[in-house]
Amino acid sequence: MQIHISSSDGVPIYLQIVNQVKHLVAAGRLAPAEEIPPIRALAEQLVVNPSTVARAYLELERAGIVTKRHGSGTYVSTSPSTLSRREKIRVLTQRMDALLAEAGNLDIDLSEVLELARERHETMHAKK
Amino acid sequence: MNFPSPSSAESVISITGLTRRFGPKTALNDVSLYVPPGGVFGLVGENGAGKTTLIKHLLGLFRAETGEVRVFGLDPVAEPVAVLGGIGYLSEQPDLPGWMRVDELLRYTQAFYPNWDPAYAEQLRVQFGLNPTQRISTLSKGQRAKAGLLAAQAHRPKLLLLDEPSSGLDPMVRRDILEAVIRTVADEGRTVFFSSHLLEEIERVSDQVAMLHQGQIVLCGPLDEIKARHRRYTLHFEKAQVKSPAIAGALRISGSGKEWTVVCNGAGINLPPLAAGLGARIVGEQIPSLNEIFEAHAGAALPGQPAAPLS
Amino acid sequence: MHSPLTALAWEIWQRGRRAAQLALGCAGLCALINLAVPEPVRAADTAQAVFGPLFGLLMVLSLFLSMGIFNYTEYSASREWNGFPYRLFALPIRTWKLVLLPMLLGVAAVELLYLAWIKLVWTHHEIPKPEWFAVVLGAYLVSYLAVLWSLAGFRILRLLVLGLGGVSSILVALLPFFSGIFPSPWCSERRDIPLVLGMAVLAYGVAWGAVARQRCGGGRRHSRIKALAERLSDRLPRRTGAFASPAGAQFWFEWRRTGLLLPLYAALALAAIFGPCSWIFRHDPQYTLLMLVRLLVTPLILAFAIGKAFIKPELWSGDAALTAFQATRPLPDGEFVISKMKSAALSTALAWLFVLGFMALWLPLWADTTDLNRLLGGFRLSYPQSWLAILVLSFAGLAVLTWRCLVSGLWVGLSGKRSLMIATSCLQVGLPASLMLAAGLCSQGIDAAVREHPNEVRAAMVSAAGWLLALAVAAKLGWAVWAWSKITPRRTRQYLLLWSGATLGFVALGMLASPREDLWRVEHLYVLAALLMFPLARIGMAPRALAGNRHR
């Protein structure tokens with residue numbers, strides 16, 4: 001699993017790990033039921049504190065993206081996310097707000113944003 | 001400032017009220033620090049802040065003039081063998097004897113530590129690429145640091161004590177040092193105490209961070225908490241300011257004209273009303289990096305004195 | 001600062017201020033004594049016998065100090081050697097000037113000091129041919145600096161060459177005085193002065209070449225000889241197994257660092273000095289005796305000199321501080337001291353083995369032992385039963401004294417306090433010097449008393465000696481009790497056993513060797529003196545001193 005951490009980014013390290021794992025899962029580079037490295041191995045690979053990796057894994061587990069099986073490691077979950085629909089909408093709302101604010105700053109109007117969304121969706125699904 | 005103070009029995013390192021003077025200069029001023037087992041504790045501070053002095057107290061190289069120093073619950077001056085037997089130490093310039101060869105160094109060091117693991121030592125030696133028949137005086141600076149790191153790690157010490165180990169070293173060696181830190185702390189119950197200038201490294205690997213400024217502790221606590229407490233605000237003023245705006249309680253104010261950046265301890269001040277009072281609006285709010293927090297505190301006055309904003 | 005010369009002179013003065021003041025102080029003191037003591041007192045026999053050596057000792061000391069001031073080297077971290085100050089290479093001065101200036105200053109200072117001694121102290125022309133000595137002194141300083149700078153990377157070789165150079169310059173200085181024994185054209189002063197001056201110029205040339213090469217980035221540190229030595233030592237069977245204990249590992253460390261120095265110097269002295277001299281003078285029976293005495297004293301002198309450096313935690317470093325590497329070993333302080341003592345013991349044993357081996361070869365094979373055999377025969381007649389025991393105990397006693405020279409200063413050196421080291425050195429020189437001074441001042445009275453009342457003087461001396469020795473023994477034991485109070489009982493028992501055994505050996509030696517007719521009843525003096533021979537309290541102080549150095 002290839003993850004890259006940038007320590008001079010403003011984003012906390014555990015959040016970077018969480019985001020990148022989510023991206024990998026969404027892009028299909030991590031298949032369902034595939035094992036992700038144990039905490040210690042990933043900590044040594046990325047040279048970050050194991051507790052940070054543990055926190056990232058906890059977040060991922062809470063978000064339902066990975067499941068931890070006792071004794072045999074952590075796997076990408078096969079079942080759909082256990083978050084309630086409201087929570088899922090809440091997560092997306094945050095992202096949508098940031099996106100729309102950025103678009104407003106860059107002076108791109110809503111129709112262009114929707115067009116862009118459609119394009120990117122097609123590209124991602126075509127790659128799968 | 002509240003410092004966590006578990007009992008001595010729990011802490012690996014327990015420093016209480018330590019003061020040390022060298023003639024007229026006070027190197028450490030009433031320092032109290034408690035390091036719990038099983039984590040990475042980062043110590044930051046500018047040059048001359050007293051980090052090396054503190055670490056030398058832990059090794060028993062300095063006697064505590066006032067106050068108390070306990071490592072593993074023991075006094076390093078009264079019981080040097082018990083304390084040093086559980087510590088692996090790497091300093092800024094490891095003064096390894098230049099006349100020894102690498103294999104002689106390992107054999108010599110092995111005799112002092114009953115927990116020495118020869119297989120692990122050999123694995124590390126191969127990984128670091130050290131030639132066993134080479135004399136230490138002919139090794140480069142990075143290789144010497146690696147040799148010192150090897151000697152410090154191979155007996156799986158309960159406490160790994162690193163005093164600015166990465167200074168002047170290339171990124172590969174720095175990575176080796178950080179990997180050693182991670183490997184140590186990944187084993188249950190082992191602790192790392194790490195002092196460094198390179199704040200990116202501290203930020204990556206530390207659980208807890210303390211900052212020494214002119215011999216006093218100005219920050220101490222879990223890294224996430226410290227970062228969450230501080231804020232960097234960007235203020236936009238209606239009128240261009242000629243000199244830096246006076247914002248009481250801010251740690252550091254920089255900028256020019258209409259745009260000014262304020263770094264402050266979020267719990268200490270409530271910026272929005274203050275900013276409104278000065279005729280500015282807040283256009284940005286971020287969590288500052290450890291580097292910025294450090295610079296802000298290093299430039300600021302000590303607690304109890306009025307803040308002197310930099311412009 | 002108006003010129004490089006004044007700048008350099010100021011720098012050297014600043015660095016060596018204290019030593020310069022001490023050297024001038026010695027000269028001044030002796031000049032004062034010379035002026036103050038009236039003429040008839042000086043002419044007395046005792047006075048001559050005392051003042052001569054006293055002045056001589058202080059003069060040698062002051063000349064050594066001035067040489068030390070002009071030890072114009074600095075540690076260069078990039079090359080890790082002690083050589084010509086590296087930072088001066090960046091100055092806009094030509095190399096020949098850079099090398100000439102310290103040499104000129106050194107020669108000028110030493111010659112001025114020598115002149116002061118000649119004019120102010122040795123006013124009765126006790127020193128023959130003073131100009132010759134002045135020339136040799138100047139030439140020696142120039143060659144001393146040349147060796148220091150050109151052999152900068154080769155520490156041990158440099159020490160050896162300096163030692164040999166010192167000895168050979170003394171021989172050269174004494175050359176004109178052999179003109180009676182060897183009527184040879186080389187022994188005339190007029191011929192030798194230009195030669196010596198020529199050698200000084202040659203030395204300057206060598207120094208110039210070496211420093212110029214170092215300035216341009218040359219100056220190899222790894223000579224082929226050193227590489228060969230390293231490769232040889234790598235081939236030698238090395239212990240590859242683990243050490244049995246931390247104490248064993250520390251002993252290995254000490255032995256590697258300091259152990260071979262004394263045996264090496266002893267072997268060198270044997271090979272370079274005693275060997276050739278014994279061959280040259282092999283037909284001279286009186287010389288055999290003289291050389292035997294010198295041979296037996298050599299390890300003691302070497303150990304005394306080496307001991308000054310040995311007592312420091314790291315022999316080769318300039319100061320007595322503990323490196324962090326040593327201080328963070330999980331080893332008790334006592335074990336450090338024990339490893340040093342064991343290393344010193346092995347060194348001493350090896351050095352004495354070389355000396356005895358040389359004697360075993362020399363005396364039977366090519367020495368003229370007529371005088372020696374006569375003496376030995378007389379000795380065997382006086383002590384028919386115990387002569388062998390006396391010989392064996394004497395050799396053992398000399399070996400123990402050699403070990404004591406190396407080890408008795410440990411409590412000073414390991415403490416890391418420079419002031420303590422200087423104070424004890426001053427005491428070691430100052431006490432005999434002041435005794436000699438007192439004897440010299442009262443020499444008239446002493447001569448008169450000895451002439452008129454010899455028995456009373458003898459009795460008074462014996463009783464005074466007895467009281468002094470008794471006080472010394474009491475002080476030693478009292479100090480020992482305090483010093484050993486902090487040390488574990490097991491170690492104390494072990495060392496007391498060692499101490500008792502050695503002291504008994506000395507007592508036995510004293511008993512056996514005392515003349516049968518004990519006219520002056522000095523037997524008790526032997527016993528008291530034997531009690532003072534083996535170091536007790538000072539060894540007990542050493543771990544405490546090390547602890548003070550380790551935990552500042």
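So here's what we get for this one:
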item: Cα Rg, Dmax (largest Cα-Cα span) when computed across segment C:372-478, Å; result: 20.1, 53
item: Accessible solvent surface per residue of segment B:101-215, calculated while the other protein chains remain in place, 1.4 angstrom probe, Å²; result: 33
item: Relative contact order (percent, whole number), chain A, Cα cutoff 8 Å, 6+ residue spacing; result: 21
item: Along principal axes, Cα extents of segment B:108-233, largest first, whole Å; result: 56, 30, 25
item: Violating pairs (Cα-Cα greater than 20 angstrom) within the set B:LYS51/C:LYS312; B:LYS56/C:LYS342; B:LYS56/B:LYS158; C:LYS312/C:LYS342; A:LYS22/A:LYS127; result: B:LYS51/C:LYS312; B:LYS56/C:LYS342
item: Whole-percent carbon and sulfur share, accessible surface of segment B:243-291, 1.4 Å; result: 54
item: Pairs of Cα atoms farther than 19 Å apart, segment A:13-126, %; result: 56
item: Integer Hz, Karplus 6.51/-1.76/1.60 couplings in order for segment B:178-185, x for Gly and Pro; result: 5, 4, 4, 4, 5, 4, 5, 6
item: Convex hull volume of segment C:193-300 per residue (C-alpha atoms, cubic angstrom); result: 221
item: Carbon plus sulfur fraction of accessible area for segment B:13-225, probe 1.4 Å, in percent; result: 48
item: Distance histogram in 10 Å bins (all Cα pairs of segment C:469-552, percent per bin); result: 16, 39, 27, 12, 4, 1
item: Ordering of C:524-531, B:252-259 by packing [mean C-beta count within 10 Å, highest first]; result: C:524-531, B:252-259
item: Taking all pairs of distinct alpha-carbon atoms in segment B:203-284, Kirkwood radius in angstrom; result: 14.0
item: In the B-A interface, the accessible area buried, summed over both sides, Å² (probe 1.4 Å); result: 1300
item: Mean Cβ neighbour count within 10 Å, used as a protection proxy, ranking B:42-53, C:459-470 highest first; result: B:42-53, C:459-470
item: Whole-number accessible area per residue in Å² for chain C, which is evaluated in the context of all protein chains at 1.4 Å; result: 54
item: Summed buried accessible area for C+B [probe radius 1.4 Å, Å², rounded to 100]; result: 2900
item: Taking N as its residue count, the alpha carbon Rg of the protein assembly as shown over 2.2 N^0.38 Å; result: 1.26
item: Within 10 Å of each Cβ in B:194-201, the average number of Cβ atoms from other chains; result: 1
item: Computed P(r) (all Cα pairs; segment C:227-376; 10 Å bins; percent); result: 10, 31, 28, 18, 11, 3
item: Cα gyration tensor shape for segment C:308-405, rounded if a/c is under 1.5, else prolate or oblate; result: prolate
item: Those lysines that a straight Cα-Cα span of less than 16 Å connects to C:LYS119, excepting residues fewer than 8 apart in one chain; result: C:LYS129
item: Positions from segment A:39-57 whose accessible area shrinks by 20 Å² or more when the full protein complex is built, not the chain alone, probe 1.4 Å; result: A:ARG40, A:GLU44, A:VAL47, A:VAL48, A:ASN49, A:PRO50, A:ARG55
item: Segment C:92-107 - phi-based ³J(HN,Hα) in whole Hz, Karplus 6.51/-1.76/1.60, Gly and Pro as x; result: x, 10, 5, 4, 5, 6, 4, 7, 6, 4, x, 5, 4, 4, x, 4
item: Heavy-atom accessible area order for C:ASP333, C:ASP284, largest first, 1.4 Å probe; result: C:ASP284, C:ASP333
item: Projected label distance in nm at C:THR424 and B:ASP170, using a 7 Å step from Cα toward the beta-carbon; result: 4.7
item: Convex hull volume of segment B:13-225 per residue (C-alpha atoms, cubic angstrom); result: 121
item: Viscosity 1.567 mPa s, temperature 4 °C, Stokes-Einstein D of chain C from Kirkwood C-alpha radius, µm²/s; result: 48
item: Segment C:245-407 - charge dipole about Cα centre, Lys and Arg +1 at Cβ, Asp and Glu -1, debye rounded to 20; result: 80
item: Segment C:435-460 versus segment C:328-390: alpha-carbon centroid distance in Å; result: 37
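The values are calculated or read from the model by the stated rules, or taken from the named source; none is laboratory data. Remember, predicted model here, so these are calculated numbers, not experimental data. Using ideal geometry, Cβ is built from the backbone for each residue, glycine included, and neighbour counts are taken over all protein chains shown. Remember, those area values only see protein heavy atoms, side chains included, never the ligands or the DNA or RNA. Shrake-Rupley method; radii C 1.70, N 1.55, O 1.52, S 1.80 Å.
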